Amino acid sequence: MQINLDISKAMVIKLDDELPEMSEFKEGVRRAPKRELVLNKEEIGLALKNALRYIPEKWHEKLAPEFLNELLNEGRIYGYRFRPKGNIYGKPVNEYQGNCLAGKAIQVMIDNNLNFDVALYPYELTTYGETGQVCQNWMQYRLIKKYLEALTENQTLVVESGHPIGLFESSPDAPRAILTNGLLVGQYDNQEDWHKAISLGVTNYGQMTAGGWMYIGPQGIVHGTYNTLLNAGRLKFNIADESDLSGYLFVSSGLGGMSGAQGKAVDIANGVGIIAEVDYSRIHTRFNQGWIKKIVKDPVEAFDLAQEYMNKKDSISIGFYGNIVDLLEYAVKKKIKIHLLSDQTSCHVPYEGGYCPQGLTFEERTQILRTDKAKFIKLVNQSLTHHFELIKTLVDRGTYFFDYGNSFMKAIFDAGVKEICKNGENPNDGFVFPSYVEDIMGPLLFDYGYGPFRWVCLSGKHEDLVKTDKAAMNCIGPIGPNRRFQDRDNYFWIKDADKNQLVVGTQARILYQDAVGRISIALKFNEMVRNGEIGPIMLGRDHHDPGGTDSPFRETANIKDGSNVTADMATQCFAGNVARGMTMVTLHNGGGVGIGKAINGGFGLVLDGSEKVDTIIKKAISWDVLGGVARRSWARNENAIETAINHNKENKAGDHITIPYLVNEDLIKKLID
Ligand SMILES: NC(=O)c1ccc[n+]([C@@H]2O[C@H](COP(=O)([O-])OP(=O)(O)OC[C@H]3O[C@@H](n4cnc5c(N)ncnc54)[C@H](O)[C@@H]3O)[C@@H](O)[C@H]2O)c1
């Protein structure tokens, strides 16, 4: 076609003319299950045309049947042939091609998200959370890399659900990349339209840091889990602020991408953990990393071992190879006392393989997903219903159960259990069990502005990470009587971070911090880069932050003024970060809880040692945290009001937060009763 010649000539950034060889899938690397294909004949044709848009016409005849095959067998067109051979991993930044540091730094982040050791299904570009992808297909991956190599300080790369729409002129003060994932127009923000769009290859599920290119392996959630478990113990079992979880038992499920952090976190908090996992490869990975200390296959053995360690007040993380429902069934039958209980199966997508029903092995689950979806759904519903009954019994006996942000309670409701709802009918008034944000993370961390701040040493040198750990520790400490307990927990966390061997993939670190802490740490790091003490740093955070995410079942679950159905905060957070010149800014639909249930965003900021970056740190990081605190304060959250008052008093920069007047409850009661 003549027009294709013109099109090819009109682009200088495009896929190579050479067709890459199809390479073998490496034995032992996890593969995604088949995704549901909801397209009719015409739509299948459309999906093929959509994928072939990346490819020169001369290869269409060869690739059209290959892509059709992928679509029919995998439910998606991944373009496997375009995946570079071997392992992909975040290399030292200077080994990448590029016209600016940001262009190279972003490539490090993308490649880290696809590392065999880091990613859940590396061949399907899935980083974590069952369906969270870096981009939709390998053609996009190649093209994004080419754009990042070409990117200059005067351009911005725009990526819409994995598709790089192009480079556009901007300015050195603008972000170098702006990403969005899975955003849908309200009327179409539902499962049916979503599935069609993703099968057509026009949208992407970015989870949070998968499509935001800021994932740092399961370490990212170890610190949050450590905080959550410690504070759950303090809240429900009166453990002193300066004490830990020794002698307490935590039971949960999932040793996957994020859930894999649970064993390590309970160990660091000095408690005893049993984590159930149906996929042996996951247990094995966590065991090899030292994140679980023992693998057992029998509930008797699991609970006996746990008791032994609880008696001697020692810590241990036990991986139970089996279904969580079997484990809990045994605990209920034998009246075993479980102190803390949760679940981290991928319940945001239970019917796509995220939740393995009782009675099926992991392998049988994969098989039945392919052959009999209706039966699979029935088994999931039965299993979730029974799972709920077991939890209820344990809670009646004194266990503290909390939902761990995986839509577990919503999945139970969808399985047909109305009793999970506070009003016995629908989730509008919330669920009978608290979410970890409602009870713990929200009031004790988010409302003060603490959240999952993180950094990656772009040099790839471990010694840089050790230097940054020390510098961060000095910024938080020394621990004085006036420090908040959060700072004390964080101080001990960072002091032992290297010893705890948390790194999987790039040399990265997570450290929950508030606005003041983040700014002082970031300025210190930038100074160290300036002085040549360390190489450049990519700074960022999880979207799971005080202002990063609007999600009524999770991050904004402790917003009680009725505004938790709105998504203004996350959107403003994103826009404000763009305006203040963060390097990479992102906004997503979905996140940890599923499409239509959350809007979330994040950022990346390259510390190059410049004065300009000092200015961005002061303005943008302050906004990023305090936008969230302001909204939480406006929702009348006590700790956020305290933080906002202090900020207005102490802030010399130019921020000013609107703080709510509180109304006497009796006045309102008298009027409405
Ligand atoms: N709490 C948070 O902050 C947070 C953050 C990110 C994601 N999430 C959510 O947590 C969930 C887990 O995330 P992930 O990245 O670990 O996902 P994942 O899919 O990598 O891991 C889940 C694991 O659960 C196992 N599993 C499924 N059903 C099981 C069963 N019945 N018994 C035992 N094991 C079972 C699976 O084999 C899998 O390994 C997701 O829904 C995700 O969205 C929570």
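Observations on the structure shown:
- Residue ID - farthest from the chain's Cα centre (by Cα), chosen from residues in the stretch 250-271 that are assigned to a strand (DSSP E or B) and within 13 Å of the ligand (Cβ to nearest atom): V251
- Under the condition of being under 22 Å from L235 (Cα atoms), among the β-branched types (V, I, T) and touching a helix residue (DSSP H, G or I) at 6+ places or on another chain (Cβ under 6 Å), the residues counted in the stretch 371-403 number 1.
- Test: residue in the stretch 513-528 that is in contact (Cβ under 8 Å) with a residue 24 or more places away in the chain, of a type in the set (S, T, Y) and closer than 30 Å to K597 by Cα: no
- Set side by side, the residues E301, E308 differ, and just one is over 27 Å from I239 (Cβ atoms) and outside any loop (DSSP other than H, G, I, E, B), which is E301.
- Flag if N406 is in contact with a helix residue (DSSP H, G or I) (Cβ under 8 Å, 6 or more places away or on another chain), over 29 Å from N238 (Cβ atoms) and part of a loop (DSSP other than H, G, I, E, B): no
- Among residues of the stretch 296-321, those that are within 12 Å of the ligand (Cβ to nearest atom) and either of a type in the set (A, V, I, L, M) or surrounded by 21 or more Cβ atoms within 10 Å (Cβ to Cβ) (or both), counted: 2
- Of G576, G535, G602, G609, all but one fail to be at pLDDT 95 or above, surrounded by fewer than 24 Cβ atoms within 10 Å (Cβ to Cβ), touching a Ser or Thr at 6+ places or on another chain (Cβ under 6 Å) and of a type in the set (G, A, S); the exception is G535.
- Top-ranked residue in the stretch 350-375 [being within 7 Å of the ligand (Cβ to nearest atom) and either within 23 Å of Y436 (Cβ to Cβ) or among the charged types (D, E, K, R) (or both); ranked as surrounded by the most Cβ atoms within 10 Å (Cβ to Cβ)]: Y355
- Selection over the stretch 1-15 of residues that are at pLDDT 95 or above and either closer than 15 Å to L63 by Cα or assigned to a loop (DSSP other than H, G, I, E, B) (or both) gives a count of 5.
- Selection count where residues are within 30 Å of the chain's Cα centre (by Cα) and either among the small types (G, A, S) or at pLDDT below 95 (or both), scope the stretch 44-76: 3
- Out of G592, G596, G609, G602, one residue alone is within 30 Å of E533 (Cβ to Cβ) and within 16 Å of the ligand (Cβ to nearest atom). It is G602.
- Selected residue (criterion: surrounded by the fewest Cβ atoms within 10 Å (Cβ to Cβ)) from residues of the stretch 396-425 that are farther than 14 Å from N381 by Cα and free of Cβ contacts under 8 Å to residues at least 12 places away in the same chain: D396
- Candidate set: the stretch 392-410, residues that are within 21 Å of N428 (Cα to Cα) and touching a His at 6+ places or on another chain (Cβ under 8 Å); chosen: the one farthest from the ligand (Cβ to nearest atom): S407
- Residue list for the stretch 51-92, filter: charged (D, E, K, R), farther than 19 Å from V202 by Cα and free of Cβ contacts under 8 Å to residues at least 12 places away in the same chain: K58, E61
- Here F168 fulfils each of the conditions (1) closer than 19 Å to A210 by Cα; (2) among the aromatic types (F, W, Y); (3) assigned to a strand (DSSP E or B) apart from (1).
- Close pairs (9 angstrom Cβ cut-off, 6 or more residues apart or separate chains): more than 23 Å from Q486 (Cβ to Cβ) and without any contact (Cβ under 8 Å) to a residue 40 or more places away in the chain in the stretch 199-228, in a helix (DSSP H, G or I) and not hydroxyl-bearing (S, T, Y) anywhere: none
- Candidate set: the stretch 110-144, residues that are of a type in the set (A, V, I, L, M, F, W, C) and out of contact with any Gly (no Cβ under 7 Å at 6 or more places or on another chain); chosen: the one surrounded by the fewest Cβ atoms within 10 Å (Cβ to Cβ): F116
- Tabulated pairs, the stretch 233-244, first surrounded by 18 or more Cβ atoms within 10 Å (Cβ to Cβ), second outside any loop (DSSP other than H, G, I, E, B), C-beta under 6 angstrom, 6+ apart or interchain: I239/G233
- When the criteria are applied in full, T586 meets the requirement of being more than 19 Å from G405 (Cα to Cα), β-branched (V, I, T), within 16 Å of the ligand (Cβ to nearest atom) and modelled with pLDDT of 95 or more.
- Within the stretch 272-295, if we keep just the residues that are over 24 Å from I391 (Cα atoms) and more than 16 Å from the ligand (Cβ to nearest atom), the residue that is surrounded by the fewest Cβ atoms within 10 Å (Cβ to Cβ) turns out to be G290.
- Residues of the stretch 185-192 include none that is on the phi > 0 side of the Ramachandran plot and either aliphatic (A, V, I, L, M) or within 16 Å of the ligand (Cβ to nearest atom) (or both).
- E438 vs. criteria more than 18 Å from G129 (Cβ to Cβ), out of contact with any helix residue (DSSP H, G or I) (no Cβ under 9 Å at 6 or more places or on another chain) and crowded, with 21+ Cβ neighbours inside 10 Å: yes
- For beta carbons closer than 8 Å, sequence separation of 6+ or different chains, a first residue in the stretch 102-117 that is over 15 Å from G132 (Cα atoms) and a second that is at pLDDT below 95 and crowded, with 24+ Cβ neighbours inside 10 Å, the qualifying pairs are D117/G217.
- The sole residue among A620, A640, A644, A557 that is farther than 30 Å from D403 by Cβ and outside any strand (DSSP E or B) is A620.
- Residue in the stretch 190-198 that is farther than 22 Å from N490 by Cβ, surrounded by fewer than 23 Cβ atoms within 10 Å (Cβ to Cβ) and free of Cβ contacts under 8 Å to residues at least 60 places away in the same chain present: yes
- Residue ID - farthest from the ligand (Cβ to nearest atom), chosen from residues in the stretch 120-133 that are more than 12 Å from the chain's Cα centre (by Cα), at negative phi and outside any strand (DSSP E or B): Y123
- From the options K422, K461, K418, K392, residue that is of a type in the set (D, E, K, R) and under 26 Å from the mean Cα position of the chain (by Cα): K461
- Residue in the stretch 357-389 that is farthest from the chain's Cα centre (by Cα), counting only those that are of a type in the set (G, A, S) and assigned to a helix (DSSP H, G or I): A374
The values are calculated or read from the model by the stated rules, or taken from the named source; none is laboratory data. For clarity, every value in this text was computed on a predicted model and none was experimentally measured. Positions of Cβ are generated from backbone atoms using ideal geometry, with glycine treated the same way; all protein chains shown enter the neighbour counts.
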